[in-house]
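Accompanying notes for the structure given below.
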């Protein structure tokens, strides 16, 4: 008799609401790592990803994360990968990455406690992203809006990252 898998979220936490801050675990949807030749831009990828409900986040030269709240089926993911070739290779990271959102006027102050990245709006504008340490954990950080950030962390570090964010935001409690 075949065993059935029980899928559980890596970060099953209720949103944390503080004065001027909200921290929430985002749906474990889709995280695809796209790899293209260095020097190639995302222009050819954006339309295909948008049609699939995914947004593009820069990682490094020739690399991006394509993220979305919905889970792509194996068939949809394979079809997307086929459409993106030869512009980019697609590596599914959905099973290994967790997304956390911080929003509100205190989000920048909380994150500034854990990272050396300059998070001022002029240095880190909307849609800008970087890979940085937040506390002791490597995270991919994207500014989604003026007062909203999204972190992508490895699944095994999600609970620790949440606890760090909880501690860093305690003064706003």
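FYI, it's all coordinate maths here, none of it is from the lab. Predicted, not measured: the structure shown is a model, and the values here were computed from it. Positions of Cβ are backbone-derived with ideal geometry, glycine not excepted, and every protein chain shown enters the neighbour counts.
Quick look at the numbers
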quantity	calculated
Relative packing of 118-128, 150-160, which averages over residues the other C-beta atoms within 10 Å, highest first	150-160, 118-128
Estimated inter-spin distance, residue 75 and residue 95, nm [label 7 Å along Cα→Cβ]	2.0
For peptides 54-63, 86-95, sequence by mean Cβ density within 10 Å, most packed first	54-63, 86-95
FRET E, pair residue 35, residue 8, Förster distance 30 Å, beta-carbon r, rounded to 0.05	0.55
At q = 0.18, 0.23 Å⁻¹, base-10 log of I(q)/I(0) for segment 30-93 (Debye sum, equal scatterers on each alpha carbon)	-0.53, -0.90
Estimated FRET transfer efficiency (residue 51, residue 154; beta-carbon r; R0 25 Å; 0.05)	0.30
For the chain, the Rg and Dmax computed from alpha carbons only, in angstrom	16.7, 59
Distance in nm between pseudo-label sites at residue 167 and residue 26 (7 Å out along the Cβ direction from Cα)	2.5
For the chain, calculated [θ]222 nm from helices alone, where every DSSP H run of n ≥ 4 adds -39500 (n - 2.57)	-6000 deg cm²/dmol
